[in-house]
Amino acid sequence: GEDVEQSLFLSVREGDSSVINCTYTDSSSTYLYWYKQEPGAGLQLLTYIFSNMDMKQDQRLTVLLNKKDKHLSLRIADTQTGDSAIYFCAEKSADSWGKLQFGAGTQVVVTP
Amino acid sequence: DGGITQSPKYLFRKEGQNVTLSCEQNLNHDAMYWYRQDPGQGLRLIYYSQIVNDFQKGDIAEGYSVSREKKESFPLTVTSAQKNPTAFYLCASSIAGSEQYFGPGTRLTVT
């Protein structure tokens, strides 16, 4: 099947920017998503980008998409302790209806 | 408040017993999904339903069953045939195949 890969861990200081990276293999991806999961909770949709876009900004969040390299990133500006969580990248391909392929998640730890 | 509810939050069962996990949504979404999450892994799709009275197997359907008799409800039964049922189960819903919204999850422990 198609793969979505993320680095497993990121440590960042409060106030700095965080950058979480994701790579995928499906060349027919239509939408790419970022979700946030706090301990013991469900997934919260943070943002998503359509595959014909290369950037999307939403307050402190910036998504960059390099379709040629199949690389997606999420930048969180002015990272706060409340941003500590697991972040999942997911992609939806053109022929999969609503089915999403998830990465394993990146654990982000924000230190004071 | 619109949203997705899953109950209970924690569930304990003995091996060999079937157990049903509840998922309800009041978002008027047509599509609903069940995922399984294991530590250090991404979510894996168990079953999904695009519309009432219809559902399809996902990537890991063996040992699970679902029904979709009402638009609002998509219960998941973990049967005794599921070899490794202990996991965190997440339900989601969406308008057609668009972005998915998740419930708070049910942690199932089978001993």
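Just so you know, all these numbers are worked out from the coordinates, no wet-lab data involved. What you see is a predicted model; the values in this text were computed from it and never measured. Cβ sites come from the backbone with ideal geometry, for glycine too, and all protein chains shown count toward neighbours.
Numbers for the structure displayed
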quantity: Protection proxy ranking, peptides A:9-20, A:31-42, average beta carbon neighbours within 10 Å, highest first; calculated: A:31-42, A:9-20
quantity: Relative contact order [Cα under 8 Å, 6+ residues apart], chain A, whole percent; calculated: 38 percent
quantity: Vicinal HN-Hα couplings computed from phi for the stretch A:61-74 (Karplus, 6.51 cos²θ - 1.76 cosθ + 1.60; Hz; Gly/Pro x); calculated: 9, 10, 9, 10, 10, 10, 5, 4, 8, 6, 10, 10, 9, 10
quantity: Cα-based Rg / Dmax (Å) for the protein assembly as shown; calculated: 17.5, 51
quantity: Relative contact order (%) - the stretch B:19-111, alpha-carbon pairs under 8 angstrom, separation at least six; calculated: 32 percent
quantity: Inter-label distance for residue B:109 and residue A:14, nm, one decimal - labels placed 7 Å from Cα along Cα-to-Cβ; calculated: 3.3 nm
quantity: Under 10 Å, Cβ to Cβ, from residue B:58 - net charge with Lys/Arg +1 and Asp/Glu -1; calculated: +3
quantity: Reachable aspartates and glutamates from residue A:92, criterion Cα separation under 13 angstrom, eight or more residues apart if same chain; calculated: A:2, A:3, A:26, B:99
quantity: Per-pair calculated FRET efficiency, R0 = 35 Å: residue A:5 and residue B:69 via Cβ, rounded to 0.05; calculated: 0.35
quantity: Distance from the stretch B:10-51 to the stretch A:46-103 (C-alpha centre basis), Å; calculated: 24 Å
quantity: Highest-fluctuation residue, B:21, B:90, B:43 considered, GNM on chain B with Cα pairs under 10 Å; calculated: B:43
quantity: Total formal charge among the other residues, if their Cβ is under 14 angstrom from that of residue A:107, Lys/Arg +1 and Asp/Glu -1; calculated: -1
quantity: Separation of the residue B:96 and residue A:38 label points, Cα + 7 Å toward Cβ, nm; calculated: 3.3 nm
quantity: Relative counts (whole %) of C-alpha pair distances in chain A, using bins that are 5 Å wide; calculated: 2, 13, 24, 25, 20, 10, 5, 1, 0
quantity: Residue-count net charge about residue A:76 - beta-carbon cut-off 12 Å; Lys, Arg +1, Asp, Glu -1; calculated: -2
